[in-house]
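Colleague: Structure below; questions to follow.
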Amino acid sequence: MGKNLAQKIIEKHLLSGEMTPGSEISIRIDQTLTQDSTGTMAYLQFEAMGIDRVKTKKSVAYIDHNMLQAGFENADDHKYIQTVTSKHGIYFSRPGNGICHQVQLERFGVPGMTLLGSDSHTPTGGGIGMLAIGAGGLDVAVAMGGGPYYLPMPKVLKVNLRGKLTGFASAKDIILEVLRVLSVKGGVGKIVEYGGEGVKTLTVPERATITNMGAELGATTSIFPSDDITKEFLKAQGREEDFTEILPDADAVYDEEIEIDLSSITPLAATPHSPDNVKKVSDIGKIKVDQVAIGSCTNSSYMDMMKVAKILKGKTVHPDVSLVIAPGSKQVLNTLAQNGALADMVAAGARILESACGPCIGMGQAPRTNAVSLRTFNRNFEGRSGTKSAQVYLVSPETAAYSAICGVLSDPTELGDRIEITQPDSFMVNDNMVLAPAPEGNDVEVVRGPNIKEFPLNKKLEGDIDCKTLIKVEDNITTDHIMPSNAKLLPYRSNIPYLADFCLTPCDPEFPKRAKENGGGIIVGGSNYGQGSSREHAALAPLYLGIRAVIAKSFARIHMANLINSGILPLAFENENDYENISEGDNLVIENPAEQIQAGSLIKVLNKTNGKTINTIITLSSRQKDMILAGGLINYMRSMNN
């Protein structure tokens, strides 16, 4: 029986476990990446482990999130990351060098290798044939220290691409179509592997757009083959020696398959407020547009930017539209400046932002009240843009650029002939913004600003849990709800005590105060609790506030892992109807949870307020059971070393 791509790479890196879906495996990690929103905490945790130098083949720290320096906090964090990485053997990508996923793809990604990143869009690397997985910062810190990465063996879902894109349909429209078919929960517990003759029609940047937004499916990761197209991309980057062909066996077997006919795809848009709320642009109609933002790790490649420049050339942005463009990397920006495309953008009225995440994470460019904002980004959760009342639509660069000129949402098919952009034979390569670590780490002084605080640690699980339900929330609560990540709060990513005062405030402004007054408690949620970003702050802030357990219909993969790493019990309703049997303020009791966890997966929760007993399930491997009992991963590691 033949192997698929995912199985081949996992088998090569397998350290423990059986490759049967659902069973826990551990794999060796070749590369890691962090960004500055999650990186400060990851390096504080790495330091706590007492390991002198990283053990990976290459680890890179990027500065691309916290770029607005309205105070000392962000600059302090950047200096800390620069010095701590130099000391411990990690490469440092300076501010302005670009978005982590774009630069990693251009300069460091290697087909067939494993990549673990403290950012949920790390699967972008699957566009170059890597097994690239997003995780919490603590898991990345462990991997940097040479430890294995543990995960349930995913199922493998094949997306069979047939035909070829026509007209103004783009790679963004492909992944929007996949999201329309599968939903934001359709990839949970799965690796999405792309195959079929349509794969050969897509460039590496187009593939990366698709794997990037695979994160919105809830998938573990997404991956394309490493083939002749991959080789040409690496050759153009001056890295042909990094190429390895990786193809599925002709008789490869998959757990599930779906088929997408590329020739039938037309320009699409994800309408507010979910990436899977997808409709045809032509069906939505000519709604008035206030803002257009082009960029992000999804759509900021050279190929994307050149298409935008061609549409804008000789035109003027509509007077009612604010157009901002952020090229994904210094390489992209340099090339646009050299070939004149940047001048075409500026002449049309575009505002050029630095090569960073920017508006995608709410770091600037918040739309006006009740605005319609078209964005080439990957998430349109309510309030993520920085304006709660804004209506955010996710679209392709072609749709965004054409709509910016028209002033209304417009189908770029109206432009006529399809725009074809050819990949350069060689990209501009200049890695002068990447700093190599110090050869002798002992000579480096780690600089810590006053905003950098210690991270909270849980305690060993003992006795009963007897506390109140502090809040009850609905389905699809994101990490943006749990731990907001706007321009005002991002500077405090290394200050959990400060951040905790904003935990879950988009759902209830009184939550932090109530948690403190009650000495902690329990959160009750709906399905897909914790979707979105990999930020472990969405577990660390609740931990600081004394949260003992989260009871939900279901959990997003990364957030559930982060809760376990923090020693917070992730309990799933055995019967989802029992969600109705708990109200905010109810007194819940879990008798001797340590004993119940050791006995199995069934955890009984007594609602003392209404007298009902609720069955919940905790899904843990034997290793994770020990982690929960110890009070989280760091306590577990310390106990193992004693």
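Colleague: When the residues of segment 58-73 are narrowed to those that are of a type in the set (D, E, K, R) and modelled with pLDDT of 95 or more, which ends up surrounded by the most Cβ atoms within 10 Å (Cβ to Cβ)?
Modeller: Asp64
Colleague: Further question: Working carefully through the options Gly39, Gly50, find the one that is small (Gly, Ala, Ser) and assigned to a loop (DSSP other than H, G, I, E, B).
Modeller: None of the others qualify; the one that does is Gly50.
Colleague: May I pose another question? Does Leu247 count as over 26 Å from Thr387 (Cβ atoms) and at pLDDT 95 or above?
Modeller: Criteria met by Leu247.
Colleague: Can you confirm whether segment 468-480 contains a residue that is surrounded by 15 or more Cβ atoms within 10 Å (Cβ to Cβ), within 29 Å of Arg53 (Cβ to Cβ) and in contact with a Gly (Cβ under 9 Å, 6 or more places away or on another chain)?
Modeller: No, every residue in segment 468-480 fails to be surrounded by 15 or more Cβ atoms within 10 Å (Cβ to Cβ), within 29 Å of Arg53 (Cβ to Cβ) and in contact with a Gly (Cβ under 9 Å, 6 or more places away or on another chain).
Colleague: Here's another thing I want to ask about it. Please identify the pairs in which a residue from segment 415-430 that is under 19 Å from Gly98 (Cα atoms) has its Cβ atom under 6 Å from the Cβ atom of a residue that is β-branched (Val, Ile, Thr), counting only partners at least 6 apart or on another chain.
Modeller: Cβ pairs passing all conditions: Met428/Thr335.
Colleague: Right, something else. Read through the list (1) under 14 Å from Ile294 (Cβ atoms); (2) β-branched (Val, Ile, Thr); (3) surrounded by 21 or more Cβ atoms within 10 Å (Cβ to Cβ); (4) out of contact with any Phe, Trp or Tyr (no Cβ under 7 Å at 6 or more places or on another chain), then give the number of the only condition that Val332 fails.
Modeller: Evaluating Val332 over (1) under 14 Å from Ile294 (Cβ atoms); (2) β-branched (Val, Ile, Thr); (3) surrounded by 21 or more Cβ atoms within 10 Å (Cβ to Cβ); (4) out of contact with any Phe, Trp or Tyr (no Cβ under 7 Å at 6 or more places or on another chain) leaves (4) as the failure.
Colleague: Continuing with the same structure: Within segment 134-158, track down each residue that is among the β-branched types (Val, Ile, Thr) and in contact with a helix residue (DSSP H, G or I) (Cβ under 6 Å, 6 or more places away or on another chain).
Modeller: Val140, Val156
Colleague: Follow-up question, since we're still on this one. Just to check your reading of the model, which residue among Ile405, Ile471, Ile452 is under 20 Å from Met345 (Cα atoms) and either modelled with pLDDT of 95 or more or part of a loop (DSSP other than H, G, I, E, B) (or both)?
Modeller: Being under 20 Å from Met345 (Cα atoms) and either modelled with pLDDT of 95 or more or part of a loop (DSSP other than H, G, I, E, B) (or both) holds for just one of Ile405, Ile471, Ile452, which is Ile405.
Colleague: For segment 458-504, name all the residues that are β-branched (Val, Ile, Thr) and over 26 Å from the mean Cα position of the chain (by Cα).
Modeller: Selection gives Ile465, Thr469.
Colleague: Right, something else. Looking at the structure I just gave you, is Glu454 of a type in the set (D, E, K, R) and touching a residue at least 40 places away in the same chain (Cβ under 8 Å)?
Modeller: Answer is yes for this residue.
Yes or no, residue by residue, for (1) closer than 22 Å to Leu602 by Cβ; (2) touching a residue at least 60 places away in the same chain (Cβ under 8 Å); (3) under 17 Å from the mean Cα position of the chain (by Cα):
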residue: Pro506; (1), (2), (3): no, yes, no
residue: Lys513; (1), (2), (3): no, no, no
residue: Ile522; (1), (2), (3): yes, yes, no
residue: Gly525; (1), (2), (3): yes, no, no
residue: Gly532; (1), (2), (3): no, yes, yes
residue: Ile551; (1), (2), (3): yes, yes, no
residue: Ile564; (1), (2), (3): yes, yes, no
residue: Gly567; (1), (2), (3): yes, yes, no
residue: Phe573; (1), (2), (3): yes, no, no
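Colleague: Out of (1) within 19 Å of Met41 (Cα to Cα); (2) modelled with pLDDT of 95 or more, the odd one out for Ser534 is which?
Modeller: Only one criterion is unmet by Ser534, namely (2).
Colleague: So, one more: How about segment 336-385: which of its residues are more than 22 Å from Thr478 (Cβ to Cβ) and within 21 Å of the chain's Cα centre (by Cα)?
Modeller: Correct list: Glu354, Ser355.
Colleague: Here is a check on your reading of the model: is Arg448 surrounded by 21 or more Cβ atoms within 10 Å (Cβ to Cβ) and either within 18 Å of Thr85 (Cα to Cα) or acidic (Asp, Glu) (or both)?
Modeller: Criteria not met by Arg448.
Colleague: Working carefully through the options Arg384, Arg368, Arg375, find the one that is under 22 Å from Ser534 (Cα atoms) and modelled with pLDDT of 95 or more.
Modeller: Result: Arg375 is the single residue among Arg384, Arg368, Arg375 that is under 22 Å from Ser534 (Cα atoms) and modelled with pLDDT of 95 or more.
Colleague: Hey, which of the strands (runs of 3 or more DSSP E) in segment 498-617, taking only ones fully inside, have at least 3 residues that are exposed (fewer than 15 other Cβ atoms within 10 Å of the Cβ)?
Modeller: Because the criterion is at least 3 residues that are exposed (fewer than 15 other Cβ atoms within 10 Å of the Cβ), the strands (runs of 3 or more DSSP E) in segment 498-617 that meet it are 612-617.
Colleague: Could I ask something else about it? State which residue pairs qualify: first residue surrounded by fewer than 22 Cβ atoms within 10 Å (Cβ to Cβ) and inside segment 29-57, second residue basic (Lys, Arg) in any location, beta carbons under 6 Å apart, and separation of 6 or more residues or different chains.
Modeller: That search, which allows pairs on different chains as well, returns Asp30/Lys57.
Colleague: Take the conditions farther than 19 Å from Met113 by Cβ and surrounded by fewer than 18 Cβ atoms within 10 Å (Cβ to Cβ) and apply them to Ser282. Does it pass?
Modeller: It is true that Ser282 is farther than 19 Å from Met113 by Cβ and surrounded by fewer than 18 Cβ atoms within 10 Å (Cβ to Cβ).
Colleague: Additional query: Filter segment 209-235 down to residues that are farther than 23 Å from Met305 by Cα and of a type in the set (A, V, I, L, M, F, W, C) and give me whichever is surrounded by the most Cβ atoms within 10 Å (Cβ to Cβ).
Modeller: The extreme case among them is Ile223.
Colleague: A follow-up question, please. Take the conditions β-branched (Val, Ile, Thr) and either assigned by TED's automatic domain parsing to the domain that holds Phe555 or in a loop (DSSP other than H, G, I, E, B) (or both) and apply them to Thr209. Does it pass?
Modeller: The answer is no for Thr209.
The values are calculated or read from the model by the stated rules, or taken from the named source; none is laboratory data. In this text the structure is predicted, and so the values were computed from the model without any measurement. No Cβ is skipped: glycine too gets one built from the backbone with ideal geometry, and neighbour counts run over all protein chains shown.
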